Amino acid sequence: MRRLIKYGVVLASCGVLAAACSSSSSSSGGKGTSTASGVLTIDNESGGNWTCDFNPFNLSDISFSLGNVYEPLVFVDTLNDAKTTPWLATSYAWSNGNKTLTFTIRNGVKFTNGDPLTAADVVYTFNLLRQNKTLDINAVWSVLSSVSQQGSDQVVMQFKAPAVTYFYYIADQIGIVDSKVWSKISDPVKYPDTNPIGTGPYEVSSTTCTPQNIKYTANPNYWVKGEPKVGTVNYPAFLTNDTANTFLSAGNAQWGSQFIPDISTFLKAQPAIKWWFPPVANVSMFINLKNPLLSNVAVRQAMAYAIDRQKAASIGEFGEEPASNQTGIVTPTFSSWLDSSQAAQFGNNYAYNPKKAISILKNAGFTMGSNGIFAKNGQPLSFTIINNGGFSDWVNAVNVIVADLKAVGIQVTPQDLSQTTYQDKLYAGQFQLGYGSETGGPSPYFELRQWLYSANSAPIGTPAGSNFERYASTATDKLINEYPATTNPATQQQIVDQLEKVMLADVPVIPVTESVDWFQYDTASFSGWPTPGDPYAQPAAYNYPDWGQVMLHLTPAK
Amino acid sequence: MRFVLRRLGFFLLTLWAALTLNFALPRLMPGNPAVAMIAKFKGGVSPQALHTLEVQFGVNTRHSVISQYFSYLKDVATGNFGTSLSEYPASVGHIIMQAIFWTLGLVGLTTVLAFIFGTLIGIVGAWRRGGVLDSVMPPVFVITSVVPYFWLGLVLILIFGVKLHWLPYINSYSYTDTPGFTLSFIWDVIQHAILPAFTLLITTIGTWILTMRNTMITTLADDYVRMARAKGLSSRRIMFDYAARNAILPNLTGFAMSLGFVLGGAILVEYVFNYQGVGFWLLAAVNNDDYPLMQALFLLITVAVLVAILLSDIATAILDPRTRDAG
């Protein structure tokens, strides 16, 4: 679609109805088969131009190939109680005390080069990760002991210990590759995979990818009859958030994954574009527990009462990210996991209560000095909080926190650092307070484990995996280790309840706002988007393999 | 000839110093590329990936700084800049090659144009001092030259892109186009270059006008110009061959310098216009602790500036014989 000057106005208005307008693109991309038609354009800031590499085991490339080009065994829906949907495996079963996992591999699936998918390909893929540790992004071989074929179409995985929680990483996060292709590659770690051979609904190659745009075209021989219905998916590269937002507001894209400040005003010109921001994890204040003053639980509890989370959400995030609660359970996504009666015992789940904060500090022996700051033994409650200065929403949220804490006699000075300095200090534990977020998973357990498991911690000065505040408790570790041993929902719930209690009683981390998947969608040109009523996948284009599910659900408007 | 050799020796010394600095600077910066990579992912990566990436990127490797330094020098000499960390496993050379053409085209061309137009306006302005051109152009462009160019870029985007829909304002060509040497593609590239080029042009031209005009005025007062007039030479000949040839020297040095800096890209213009160029990669490399990419880009800029200065020294020597003895 060339944008000649005199046609500029026409084409800009065309963007909204891209499906109807862009016949030129679909005729070149549709490979002349089936019913696939229309052009879907993604709008997501990538921060760089495309390198056009699609290696599904490489962290820089996985989000461009897993789900739509390469497919995993089973889809796990994070937003719908970890509901599983068969993908390349038709079924799976746990046995042997949750130490053995058996997949049955689908028949009749072909790679785009014509090779049939077999159980041997699945075994090969997992053993490839075993031989090349750097490809094993989620460290599944830290729990696996063997993967082998059984019969013609089954794959049996043996684990060193019960590993139910690893199902998400094994079944949902690993794309299956063609053993005949990959066995010829001399160095899979450095393999760019510019012409990926997958089983998925879309194809991409070095000829359809440029530094400015990845063009995915429908796989005419996809194993689901009649899918995909969208002929071409364009994924332009956006270096900055602003350019991507402008692009979306001009009606040039149909699938946005952007943070847009004051979105309802910004998208006023595009009434067909709706948005939904499902919460998936927390943005929290990490408290360095190695700090002598902050290791006092009374100080942490006072802070949890003193912070007005609603205000932080509405001022920092324009209300687009909801407020969190002290249990760390993300609501409404994981509401069923929240033990409300237990949380109620802790000041109504640490509802905003500055008076209570002050009384806790007084009871703990702190006295307010003439400067309005509480102190004990000559040590004032005066701290610094590190933050990513590049995120204006976080900077605003932290300013709310600083004001709230100041009101109860705790002095906090924000340090808005450059991204690299901030990350370095946060991971290495070189901070007093730190504002940041982690990744979560298909149930609240994943984020609680990231926060509370001592194995994710590290000495101050060494980067920790995720336990930035350096929390360590043998009782909590025991709970965390028990969870993967059970598939029983009641037992899982019981363990998570106890982990919630750790959050409430010990306050090692203070969740402030919930982090969300950013998702804007054009209802005029496509139907079948994930919605709050039908949360069949995480909706942002950067959610893999979920975006492949979204592509399979979409239908161009007639 | 001795002059050129002496210059060349000095050039090599500076180059070595720059190379060494270039080696040291990224290592003095805070950050860990593995952490930066994990943080780039808004979800889905387990904490275990941190260690995997550290191994992959060679963070905290056993190699001593000295051995790193020598292998760095060797790599520079052989043109091997290694693998990018933020875009692993893409090679640094590949990334730069993809971007450099666009930067040379956009920033290079505008620098040349700004120099030519600016110098011409300066010459003519000084020649007809107090004339219409002289009273309008220099003040206007001096004002535009202090306008921050990213801001001007945003204003132009708003007016000509978003409101009027006259010109494209993102990317270096329509993202759905396939690059190739076709007329339609070249036309597309030109259209996409108009707004960013215009932004750069009107914010840089003022400096050239001002320096050229001021040196020109001083030169015009010299005896040999009066002599030329007395001889009855044509105005054009006096203006260009007598006055401008001597007055252009400071501008020429400045031009050489700015040509060298072209390779650094115009970071903010590339940022605002989503223009794929070297400047943007430089920023991305710094943000992601991508040492190999950073080093290669810094090196490129340093060498380009040094070469440009060397060439301008030689050019000055040709234009002005007096400098040959002084050098």
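The values are calculated or read from the model by the stated rules, or taken from the named source; none is laboratory data. All of these numbers come straight from a predicted model, not from anything done at the bench. Every residue, glycine as well, gets a Cβ built from its backbone with ideal geometry; the counts of neighbours run over all protein chains shown. With ligands, DNA and RNA removed, areas are computed over all heavy atoms of the protein, side chains included. Shrake-Rupley method; radii C 1.70, N 1.55, O 1.52, S 1.80 Å.
Between amide H atoms placed 1.01 Å from N, distances below 5 Å from A:Thr78 occur with A:Gln538, all of them 5 or more places distant or on a separate chain. So in the protein assembly as shown, what percent of DSSP beta bridges are antiparallel if you round to the nearest 5? Percent antiparallel among DSSP bridges in the protein assembly as shown is about 75. Peptides B:119-128, A:364-373, B:162-171 ordered by packing proxy, namely the average of other Cβ atoms within 10 Å per residue, highest first: B:119-128, B:162-171, A:364-373.
Pairs A:Lys99/A:Lys290; A:Lys362/A:Lys425; A:Lys83/A:Lys311; A:Lys225/A:Lys558; A:Lys99/A:Lys478; A:Lys290/A:Lys376: which are spaced more than 25 Å apart, C-alpha to C-alpha? Each step should come with its number before you reach the end.
Values: A:Lys99/A:Lys290 37 Å; A:Lys362/A:Lys425 32 Å; A:Lys83/A:Lys311 34 Å; A:Lys225/A:Lys558 20 Å; A:Lys99/A:Lys478 18 Å; A:Lys290/A:Lys376 18 Å.
Correct reply: A:Lys99/A:Lys290; A:Lys362/A:Lys425; A:Lys83/A:Lys311.
Our coupling estimate for region A:528-535, obtained by passing each phi through the Karplus curve with A = 6.51, B = -1.76, C = 1.60 and θ = phi - 60°, is x, 5, x, 9, x, x, 9, x Hz, Gly and Pro reported as x.
Once the C-beta distance of B:Phe261 and A:Lys311 is scaled by a Förster radius of 41 Å, the resulting FRET efficiency is 0.30 to the nearest 0.05.
For region A:281-516, how big is the tail of P(r) above 25 Å, as a whole percent of Cα pairs? Let's see the in-between values first.
Working: 10362 of 27730 pairs.
Beyond 25 Å sits 37 percent of the P(r) for region A:281-516.
Note on region B:130-204: along the principal axes its Cα atoms extend 50, 24, 19 Å, ordered by decreasing extent. At a 1.4 Å probe, what is the % contribution of carbon and sulfur to the accessible area of region B:225-312? Carbon and sulfur: 67 percent of the exposed surface of region B:225-312. Across region B:12-17, coupling constants 3J(HN,Hα) worked out from phi with the 6.51/-1.76/1.60 Karplus curve, θ = phi - 60°, read 5, 4, 4, 4, 5, 4 Hz, and Gly and Pro carry x. Accessible surface computed residue by residue for the protein assembly as shown, with neighbouring protein chains in place and a 1.4 Å probe, gives 40 Å² per residue.
Global size of region B:259-327: 16.3, 49 Å for Rg and Dmax (C-alpha atoms, Rg to one decimal, Dmax whole). Computed from label points 7 Å out along Cα-Cβ, the spacing between A:Ser186 and B:Phe10 is 4.8 nm.
Rounded to the nearest 100, the interface formed by chains A and B buries 5400 square angstrom of accessible surface, both chains summed, with a 1.4 Å probe.
On the protein heavy atoms, probe 1.4 angstrom, tell me the percent of accessible surface of region A:281-516 carried by carbon and sulfur. The nonpolar share, carbon plus sulfur, comes to 51 percent. Rounded to the nearest 5, the antiparallel percentage of DSSP beta bridges internal to region A:281-516 is 65%. Can you compute log10 of I(q)/I(0) for region B:193-290 with the Debye formula, treating each Cα as one identical point scatterer, at q = 0.18 Å⁻¹? Values returned for q = 0.18 Å⁻¹ are -0.87. Considered as an equivalent ellipsoid built on the Cα gyration tensor, chain A has semi-axes of 43, 30, 20 Å, the largest given first. Note on chain B: Kirkwood hydrodynamic radius from all Cα pairs is 22.9 Å, rounded to one decimal. For region A:359-417 versus region B:69-112, the spacing of their alpha-carbon centroids is 46 Å. In a fully extended conformation the segment linking B:Leu104 and B:Asp222 would gain 38.6 nm over its present Cα-Cα distance, using 0.36 nm per residue.
Looking at region B:122-261, what % of the alpha carbon pairs are farther apart than 17 Å? Walk me through the intermediate numbers first.
Numbers: 6770 of 9730 pairs.
Here the long-distance tail beyond 17 Å is 70 percent of all Cα pairs in region B:122-261.
Charge tally around A:Ala93: other residues with Cβ under 15 Å, Lys/Arg +1 each, Asp/Glu -1 each, net 0. Sorted largest first, the spans of the alpha carbon positions of region A:426-558 along the three principal axes are 59, 37, 22 Å.
Report the Rg/Rh value for region A:76-147, based on alpha-carbon coordinates and the Kirkwood definition of Rh. The partial results should precede the final answer.
On the way: Rg = 14.0 Å, Rh = 14.1 Å.
Taking Rh as the inverse mean 1/r over Cα pairs, Rg/Rh reads 0.99.
Between A:Ser264 and A:Lys478, the simple label model (points 7 Å from Cα in the Cβ direction) yields a spacing of 5.1 nm.
Stokes-Einstein D for region A:222-271 at 25 °C, 0.890 mPa s, Kirkwood Rh over Cα pairs, in µm²/s? Rounded, D is 192 µm²/s.
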